[in-house]
Amino acid sequence: QVQLVESGGGLVQAGDSLRLSCAASGRTFTNNAMGWFRQAPGKDREFVAALGWSGGSTEYADSVQGRFTISRDNAKNTMYLQMNSLKPEDTGVYYCAARRVPRIERRQSNYAYWGPGTQVTVSP
């Protein structure tokens, strides 16, 4: 059974940093594009960042460009999201997801596997 599990969320103050992890089990995702999405209270889930199978290709939402860094360690079957200079508007549940193919993608509907999410709360 394929599982993605996020960790690393928490309550921080504006300007702080957090690193989220997404551990995959049940199969390897070395040949799959992966991504991070988030859902703020009362809002739809939105794209945050994505990377291709090798980690060489990355894309970011404009709102996090320059502050967040997505990466992966295929040897550990784990993906990361380093979040710096956090803002209250970054608050939400963060989800990791994986595609069935290597190509990078922003649309949620193109992701086949999802984790349960981890809460990130940024206080002013």
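The values are calculated or read from the model by the stated rules, or taken from the named source; none is laboratory data. Fair warning: this is a prediction, and the values are worked out from it, not measured in the lab. Here Cβ is always computed from backbone atoms with ideal geometry, including for glycine, and neighbour counts include all displayed protein chains. Note: accessible area is taken over every heavy atom of the protein model, side chains too, but ligands, DNA and RNA are not part of it. Shrake-Rupley method; radii C 1.70, N 1.55, O 1.52, S 1.80 Å.
Just a few scattered comments:
- Surrounding net charge for Thr78, when Lys and Arg each add one and Asp and Glu each subtract one, Cβ distance under 15 Å: +2
- Rolling a 1.4 Å probe across all protein chains gives Glu59 an accessible area of roughly 60 Å².
- For Leu4, net neighbour charge (Lys/Arg +1, Asp/Glu -1) across residues whose Cβ lies under 14 Å away: +4
- Carbon plus sulfur fraction of accessible area for the chain, probe 1.4 Å, in percent: 45 percent
- Pairwise alpha-carbon distances in the range 3-70 exceed 13 Å for 73% of all pairs.
- At a probe radius of 1.4 angstrom, the accessible area of the chain per residue rounds to 50 square angstrom.
- The heavy atoms of Ser17 present about 60 square angstrom of accessible area, all protein chains included, probe 1.4 Å.
- Dipole of the chain, positive direction: furthest Cα of Leu18, Tyr95, Thr78, with charges on the beta-carbon: Thr78
- For the chain, a crude dipole built from +1 on the beta carbon of Lys and Arg and -1 on the beta carbon of Asp and Glu, taken about the Cα centre, is about 360 debye to the nearest 20.
- The DSSP beta bridges internal to the chain are antiparallel in roughly 90% of cases.
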